[in-house]
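Reviewing the structure listed below.
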Amino acid sequence: MRTRPTYLNIYIAAFFAAMFFSACENDLKKVQEIAAADATKPIQRTTDVDLIFSDSAKVKFRVTAPLLIEYATKKPYKELPKSVKIVFYNADMQEDGNIVADTAYMRNEDKLIEFRRNVVATNKEGSVYKSDELFYDMTTNEVYSRKKVVMTKVDGDVMTGTSFKSTDGLNHPVFQNATAIIHVNGEEL
């Protein structure tokens, strides 16, 4: 004796088939949102960083930081969020200057290091530069800032500018809209 499927069995099978196919539907906007969120997540975290940059087998500068985070965005970059120090060297491997900051960003494609917050740069003569931002262009070997910079020399002379540009050793600064306090014979002018 054969049993015929009842309407109830057909309805149950159709209901589960509809549920199965509707559960597999992907919302394109949601997929794009998830992919965009993943693109901003770091791909690598490195602690106790000590990087040496050289050109033609000569050390140009050294970067140290407690933490480096790499991001694989359309323009990949590295973030040094917990302080950073960069030391520049001359051809004889003598320190030519250094920069210390709270945060830095290393942009690979632009060959640029961007220093942010409490930036203090010192050259080999002992002149100290302070600013909220400083950039080091690895292509041109220039250091520059588009924000206020205060330079204090060893003898107490102070120069302030709305922005400035210099060589990587901070030896030949050029200030824009500069004002200065210069000491002559021990007296302030």
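Scanning the range 111-160 for residues that are free of Cβ contacts under 8 Å to residues at least 40 places away in the same chain, in contact with a Leu (Cβ under 7 Å, 6 or more places away or on another chain) and of a type in the set (F, W, Y) turns up F115, F135. Scan the range 151-171 for residues that are within 15 Å of T122 (Cβ to Cβ), surrounded by fewer than 16 Cβ atoms within 10 Å (Cβ to Cβ) and either of a type in the set (S, T, N, Q) or modelled with pLDDT under 85 (or both) and jot them down. Result: N171, single match. Summed over the range 44-99, residues that are touching an Asp or Glu at 6+ places or on another chain (Cβ under 9 Å) and acidic (D, E) total 3.
Identify, by number, the condition in (1) closer than 22 Å to D48 by Cβ; (2) not in a strand (DSSP E or B) that E109 doesn't meet. All conditions pass for E109, except number (1).
Among the residues of this structure, A91 does not count as one that is more than 25 Å from the chain's Cα centre (by Cα), over 22 Å from V59 (Cα atoms) and among the small types (G, A, S). The criterion of being closer than 24 Å to D168 by Cα, in contact (Cβ under 8 Å) with a residue 24 or more places away in the chain and in contact with a strand residue (DSSP E or B) (Cβ under 9 Å, 6 or more places away or on another chain) holds for E79.
Given the condition buried (at least 16 other Cβ atoms within 10 Å of the Cβ), in contact with a Lys or Arg (Cβ under 6 Å, 6 or more places away or on another chain) and under 19 Å from D48 (Cβ atoms), answer yes or no: does some residue in the range 131-150 qualify? Checking the range 131-150: not a single residue is buried (at least 16 other Cβ atoms within 10 Å of the Cβ), in contact with a Lys or Arg (Cβ under 6 Å, 6 or more places away or on another chain) and under 19 Å from D48 (Cβ atoms). Whenever a residue of the range 47-60 is acidic (D, E), its partners that are surrounded by 11 or more Cβ atoms within 10 Å (Cβ to Cβ), lying with C-beta atoms within less than 7 angstrom and at least six residues away or across chains, give the pairs D48/P66; D50/T64. The single residue among N90, N123, N118 that is surrounded by fewer than 16 Cβ atoms within 10 Å (Cβ to Cβ) and under 15 Å from G169 (Cα atoms) turns out to be N90. Within the range 93-110, residues that are within 26 Å of K75 (Cβ to Cβ) have Cβ atoms under 6 Å from residues that are among the acidic types (D, E) in these pairs: Y105/E79; Y105/E114, counting only partners at least 6 apart in sequence or on another chain.
The values are calculated or read from the model by the stated rules, or taken from the named source; none is laboratory data. Here the structure is a predicted model, which means the values were calculated and not measured. Positions of Cβ are backbone-derived with ideal geometry, glycine not excepted, and every protein chain shown enters the neighbour counts.
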